[in-house]
Amino acid sequence: MAKPTEHAPLICTILMIIAIIGSIFGLTNHNPLIVIIALLPTVIYEVYRTEGDSTRASSWLMLAVLIAEAILIIFNINFDLGQYLGRNEAYIGGAYVPIGDIKVLTPTILAILSAILFSRTAGVYTKWLSVIIFITSFVLIYTIAPTAFSDLMKAAIERVLYYF
């Protein structure tokens, strides 16, 4: 059954403003936890709004990934996935993507899940929420590791140029 949309535009606007303010404060203070706290209401509302089986699963998984990221940051858990796998890059979706600290991987997963939601959902408000989550995921990556952010952007640009 479709969720009510009477207050959805106002709620999405407020959540977007919270994400923007949280992103600005997180970037200026070099504190990814601020970005996560600002993004959490958007992800929770996304969980509420999604209705299909795959989109509901993706939104719940986004919530779990965001909570896991908060735990990694709060407890300063460092785990170099690249060292564990014995390589610095992984070939994913036709491009070499740098891998390293798991704290950078989790917001990358968040961005991928939000892109999946954007493509699979029909609702305007769930699409809106997924865009907020997608953009804020990149802010989170930059806040955690600016060099990893530039590596990911380089890989993304190379991937786009490959198809043109």
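Any read-out appearing in this document is the output of simple, stated calculations on the displayed coordinates, not a laboratory observation. Predicted model only: the values in this text are computed from it and were never measured. Note that we place each Cβ from the backbone using ideal geometry, even for glycine, and neighbour counts take in every protein chain shown.
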For this session: Would you please name the residue that is surrounded by the fewest Cβ atoms within 10 Å (Cβ to Cβ), looking only at residues in the range 115-157 that are under 19 Å from LEU72 (Cβ atoms) and polar (S, T, N, Q)?
Result: THR147
For this session: Give the range 106-127 a look and list any residue that's within 28 Å of GLY82 (Cα to Cα) and either touching a residue at least 24 places away in the same chain (Cβ under 8 Å) or in contact with a helix residue (DSSP H, G or I) (Cβ under 8 Å, 6 or more places away or on another chain) (or both), or say none.
Result: THR106, PRO107, THR108, ILE109, LEU110, ALA111, LEU113, SER114, ALA115, ILE116, LEU117
